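The values are calculated or read from the model by the stated rules, or taken from the named source; none is laboratory data. All values derive from a computational prediction rather than experimental measurement. We place every Cβ from the backbone using ideal geometry, glycine too, and count neighbours over all the protein chains shown. Only protein heavy atoms, including side chains, enter the accessible area calculation; ligands, DNA and RNA are left aside. Shrake-Rupley method; radii C 1.70, N 1.55, O 1.52, S 1.80 Å.
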2 protein chains.
Amino acid sequence: MSGPATQIVDDDPAVRDALQWLLKSRGVQSQAWESADDFLSSASRELCGCLLLDVRMPGMSGIELFDRLRALNCRLPVIFLTGHGDVPMAVQALKDGAFDFIEKPYDDNALVDKVLAALEHDLKRCARENSVLLVRQNLAQLTQREQEVMQLILAGKLNKVIADQLGIAMRTVEVHRSHIFEKMQVRSAVELSQVLGLLGNKPEAEN
Amino acid sequence: MSGPATQIVDDDPAVRDALQWLLKSRGVQSQAWESADDFLSSASRELCGCLLLDVRMPGMSGIELFDRLRALNCRLPVIFLTGHGDVPMAVQALKDGAFDFIEKPYDDNALVDKVLAALEHDLKRCARENSVLLVRQNLAQLTQREQEVMQLILAGKLNKVIADQLGIAMRTVEVHRSHIFEKMQVRSAVELSQVLGLLGNKPEAEN
DNA sequence: AGCCGGTTTGCGGAAATCCACAATTGGCGC
DNA sequence: GCGCCAATTGTGGATTTCCGCAAACCGGCT
């Protein structure tokens, strides 16, 4: 559980050892896996850090593992490693959201730099992810009715209008309103809209 | 000025003609330029569409032109074309925000698809850009004082508190407030915060 | 039946917002 | 100096928000 670590997936034991040794020498923790299935079945999807994936492996390829993880809503930054990379493959991987794409043989310093960049990137991502999660949790404990009222509040409507529109008394709207603020841990409609603004805005959308 | 068009920059006349013919046959307007300098000096930076850049050219390379444009705050999607592309170059270009990277010889259909994707992408970008521009214009006509007050409003503070903090009467704050809403073309603090939320959220951040 | 939580409503008052009307001050340009 | 504009303030009233206190209804669970 500790800090951010690098997950290495490569079928070649020599490569795994070399990478682990290299990273360890630079103070980067890492775990290594022999195959994509191995990683998928054992690793937590909640972790923070980055992935170093070999493209060509027996069984599931690195690319396929990447796709699987994205489908599983795992946003860990992925650095591909390949000895037979071609341009179209690299381009596709990057456009699909891979963090980097490195050809073997790799330069030690360059690789470490990219890993460090990925780790730093993921720290920010995790921070964002966590605040988004918090907001979602707050949002989840809102009643159906409260969510309706919230929508109307965010639409900038006055309590009076909301009451009319929902066919209820203004007082009721006021009660909902205060419950919403309480559960969402904000103290004004402005804060509410700002907090909610975090949800729709992923700084990294596919280009 | 018409609709979105593709700007082609390639030193080889045969390639330019082939591309223009290909695009025209698919209903895509295009303009061609012989060199990066040529394009830079003649083309408007306000247009909408996409760029098709040859990487290797006498004088300024496509990559360099790309960097120049980014420095000039031009966000047009760029598709690189190259006959001697290597993986690191493609990766760097994509990480720097290029839209795509195609090797020559290219497949006609694939290239057109990518161009169309870029054009569609740019339509959305332009739409976003325009609304952002509008907001900026509104923001620009706010007085110094009004901007200060706006910040405090967005911080969720009450008029009374704002008045204290700025050392002015509450009435003055109210006046500023109404001026702000008027100039920003919104009718409540909630709308204001939503409109302002558009500014900080570029869907495309560098990875 | 009894309890609980969501939804609803009313009353009444404190606080805040919104606004029209009115006015003063100070800087800037013609 | 005069006009213009930003910034400032005041008065007073209409409207809205915010809240505590109280209570009713209903569906689900024990």
| said: Contact list please: Cβ distance under 7 Å, first residue in segment A:125-138 and touching a residue at least 24 places away in the same chain (Cβ under 8 Å), second residue open to solvent by 30 Å² or more (accessible area, probe 1.4 Å) and not in a helix (DSSP H, G or I), pairs at least six apart or on different chains. | reply: A:Arg125/A:Arg75; A:Cys126/A:Cys48; A:Asn138/A:Gln185
| query | When A:Asp37 is evaluated against the numbered criteria (1) charged (D, E, K, R); (2) more than 18 Å from the chain's Cα centre (by Cα); (3) modelled with pLDDT of 95 or more, which criterion, by number, is the only one it fails? | reply | (3)
| query | Quick check: is even one residue across segment A:71-84 over 14 Å from B:Val91 (Cα atoms), free of Cβ contacts under 8 Å to residues at least 12 places away in the same chain and of a type in the set (Gly, Ala, Ser)? | reply | yes
| remark: Of B:Asp100, B:Asp122, the only residue that is away from DNA strand C (no atom under 16 Å from the Cβ), touching a residue at least 40 places away in the same chain (Cβ under 8 Å), closer than 23 Å to B:Ala43 by Cβ and within 14 Å of chain A (Cβ to nearest Cβ) is B:Asp122
| task | Please name all residue pairs, on different chains or six or more residues apart, with Cβ atoms under 8 Å, provided the first residue is in segment B:170-189 and is more than 14 Å from chain A (Cβ to nearest Cβ) and the second residue is more than 9 Å from DNA strand D (Cβ to nearest atom) and open to solvent by 60 Å² or more (accessible area, probe 1.4 Å). | result | B:Met170/B:Lys160
| field | Sole exception among (1) part of a loop (DSSP other than H, G, I, E, B); (2) open to solvent by 70 Å² or more (accessible area, probe 1.4 Å) for B:Arg68, by number | value | (1)
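So that you can scan it fast, the table gives a plain yes or no per residue for (1) in contact with a Cys (Cβ under 7 Å, 6 or more places away or on another chain); (2) surrounded by fewer than 17 Cβ atoms within 10 Å (Cβ to Cβ); (3) not in a helix (DSSP H, G or I):
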| site | (1), (2), (3) |
| --- | --- |
| B:Gly3 | no, yes, yes |
| B:Ala14 | no, yes, no |
| B:Gln20 | no, no, no |
| B:Lys24 | no, yes, no |
| B:Ala32 | no, no, yes |
| B:Asp38 | no, yes, no |
| B:Ser41 | no, yes, no |
| query | Just for helices (runs of 4 or more DSSP H) wholly inside segment B:95-198: which have at least 1 residues that are open to solvent by 70 Å² or more (accessible area, probe 1.4 Å) and in contact with a Lys or Arg (Cβ under 6 Å, 6 or more places away or on another chain)? | reply | B:170-183
| message | Exactly one of these conditions fails for A:Pro203: (1) modelled with pLDDT under 95; (2) more than 30 Å from A:Ile102 (Cα to Cα). Give me its number. | response | (2)
| Among the residues of segment B:56-77, is there at least one that is within 14 Å of the chain's Cα centre (by Cα), aliphatic (A, V, I, L, M) and within 12 Å of chain A (Cβ to nearest Cβ)? | no
| request: Give the residues of segment B:75-94 that are open to solvent by 10 Å² or more (accessible area, probe 1.4 Å) and not in a helix (DSSP H, G or I), sorted by residue number. | output: B:Arg75, B:Gly83, B:His84, B:Gly85, B:Asp86
| task | Name every residue in segment A:43-65 that is farther than 24 Å from B:Lys114 by Cα and either among the acidic types (Asp, Glu) or outside any loop (DSSP other than H, G, I, E, B) (or both), in order of residue number. | result | A:Glu46, A:Gly49, A:Cys50, A:Leu51, A:Leu52, A:Leu53, A:Asp54, A:Gly62, A:Leu65
| request: Of all residues in segment A:153-190, count the ones that are closer than 12 Å to B:Val190 by Cβ and more than 12 Å from DNA strand C (Cβ to nearest atom). | output: 5
